[in-house]
1. Could you sort MET380, MET534, MET265 by their accessible area in this structure, using a 1.4 Å probe and putting the largest first?
2. Determine the sum of side-chain charges near SER183: Lys and Arg each +1, Asp and Glu each -1, restricted to other residues whose C-beta is under 14 angstrom from that of SER183.
3. Suppose accessible area is computed on protein heavy atoms with a 1.4 Å probe; arrange GLU440, GLU543 from highest to lowest.
4. Using a cut-off of 13 Å between alpha-carbon atoms, which aspartates and glutamates can reach LYS147, once sequence neighbours fewer than 8 places away in the same chain are excluded?
5. Using a 1.4 Å probe and ignoring any ligands, DNA or RNA, find the accessible area of ARG221 and quote it in Å² to the nearest 10.
6. Expected output is a single nm value to one decimal: the length gained when fully extending between VAL522 and LYS388, i.e. 0.36 nm times separation in residues minus the C-alpha distance. What is it?
7. Of LYS130/LYS335; LYS129/LYS524; LYS110/LYS498; LYS130/LYS381; LYS137/LYS161; LYS381/LYS461, which sit over 28 Å apart, Cα to Cα?
8. Using Cα positions and a limit of under 14 Å, work out the aspartates and glutamates in reach of LYS72, with same-chain residues fewer than 8 apart set aside.
Amino acid sequence: MSSSNSGLVPGPSGGPLTTPTKRTAFATSTSADAGSSRARPAGSSPAYSSRRHSLYGIEDRVVIDPGSRVWKVGFSGEPDPRSVFYSLDLSDIEDTGAMEAWDMDPSFMKGVDGDRVEGDRLVGVRVVKKLRETYVKHLMTDSKARKVIILENTYLPIAVKEHIARALFDNLHVPSVSFTPSSLLSLVACGRITGLVVDVGWLETTITPVYHSRPLYNLSRSTPLAGRRLHRHLKTLLHHYAIYIQSPTSLGNIHDRQRSTGVPMNQLSDELVERILTEGCFVGGLHLKQQEEDQQPMDIDQSPTEDDEIRRIAEEWYERYGNTSTAKDISFRIKSTLGLGPSTIIVPGWIRERVAELLLEDDRGSEDESIPRMILNCIMKLPIDLRKSLISSLLIVGGTASLPGFIPRLRISLLHHLLPPPASAQNKSPLNTPDSRREEALLWRRRNREPYKEIHGLSDKLTIINDPSPVDGKSGMAPRWSTGLMGWVGGSLAGALKTSSMEITRESYDTSLSHSIARGEVYKEELDLSSIEMSTLLGVNIEDLKVGQALGAGDAGGEDEFGMKRKRGWNDHIVGMNDWTRGAVRV
């Protein structure tokens, strides 16, 4: 028998060599076939193991991390999510021009024209659509058979949370839902229950202290300096200072293409800016050179337009960082609708290196505090006995924090703000002289004005547990999970250990919903009765009153067409006022 046929076995008749036949699906087997923990029961699937895997059992829970920009979904007990996808489809982006599924205020969403009701309705439609795609397209499992763990961000809008619960219970009929804080689950992924979690997301950056598995929401902080602000800032710098090489219009000028400074806005799509940010940008070292602020006269007769303000910001960044970078330029090819080939965008090295300074440095023209100052201000608000344990357990998570060099640069910026100013060795006078006493007094006054003087002694305790390049033995002890997946991995671990937060069952949700509907009906009846009572008292139907009619028609306090005196405090569409003279509202 040749060696090439060594993998074949004889058939049952001892004739020619054949491939192995499929084993009977429901045959009994030994414990060796079932795994190292226990034997496979008779009649079970050949893929059975001691752990009920997601594809063959229903004990594993569905873990969903719903972000305004990116969703991560999968099963508990697994090291990675099954699918990571954007929260908006391409059709929604083309119709509305938005890049996120919801905003902190529904009236600020694109495509709703400032209508809060329409924004709330649009969020509900998007949430239902994505949750159905999660089960049908990505997980391919029955929604009625598995419990769900939802990662809840610190400042997740209540309206979005209600839409998620309504879609899961009313549309997908899941057995239970558990809203678990994402800050706590991120620490769980690192094997800790105490720490200061800094989540640099898309809409905002949240800083949440967690002590013994209890998030301290009253001490948490938030800033809009996050991925969306960084995305817009990069787009502005590319529009003003990147080099744009157009595609050749004919074969004769293929080597003589037109170059221009600044990329047209119609070429800077969201996908292209995201690609440049993720593939070409990184975070450079600390920039200590301070530019002198020019005192320019303010024109009070004409306020600057939005374009003028954007141009001023771009010029300020070029003056500050244009000649301080050693990074090389990088080119990106994009498709062009005109010409014979792709166009080219050359991104300057200073943009690649310094675009993330928006998040880490204080801007004189902005009211938003930088992320390092937000972290130190949050530590200052903590009780004194918690500061040491939390500053020694900083955890940086979020998709924006995955930029190369972000965490080491954040550590350097924190130490730069935290360490006391050094004493100058120049022109130091001899001891016990009037000049030396004067210098000591000036140094003491300068240190006394430091905003973080109370926590200067904690500078040696500063530790970022997921620092990829630690300088001491204390940092970098967390598992090497990506910063964007840290929360989902903690949810997967919590689901496998069945240690998530309180579950909301479908029965309790239906009961609470019916009670809420009953209270709403009673409240509506009371409003209708109050409106009828007030209309009877006044002799006028309040629905016929327009804005200002209840205040009277004359400026001197005269009576209007309904014979009513001018009263103060009336607004349009407000009903339920029992005492007309006092304007009290019955609730």
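1. Values: MET380 45, MET534 5, MET265 90 Å².
Ranking MET380, MET534, MET265 by accessible area, largest first, yields MET265, MET380, MET534.
2. Working: positive: ARG192, ARG214, ARG221; negative: ASP65, GLU152, ASP199, GLU204.
With Lys, Arg at +1 and Asp, Glu at -1, the net is -1.
3. On the way: GLU440 115, GLU543 145 Å².
Output order, biggest surface exposure first: GLU543, GLU440.
4. Leaving aside aspartates and glutamates fewer than 8 places away in the same chain, those within reach of LYS147 are GLU59, ASP60, GLU503.
5. 60 Å²
6. Details: separation 134, 0.36 × 134 = 48.24 nm, distance 5.22 nm.
Length gained between VAL522 and LYS388: 43.0 nm.
7. Details: LYS130/LYS335 30 Å; LYS129/LYS524 32 Å; LYS110/LYS498 39 Å; LYS130/LYS381 39 Å; LYS137/LYS161 22 Å; LYS381/LYS461 17 Å.
Pairs exceeding the cut-off: LYS130/LYS335; LYS129/LYS524; LYS110/LYS498; LYS130/LYS381.
8. Excluding near neighbours in sequence, the set is ASP80, GLU133, GLU152.
The values are calculated or read from the model by the stated rules, or taken from the named source; none is laboratory data. Keep in mind that what you see is a predicted model, and the values were worked out from it rather than measured. Every residue, glycine among them, receives a Cβ derived from its backbone with ideal geometry; neighbour counts consider all protein chains shown. Each accessible area value is taken on the protein alone, full model and side chains, heavy atoms only, with ligands, DNA and RNA left out. Shrake-Rupley method; radii C 1.70, N 1.55, O 1.52, S 1.80 Å.
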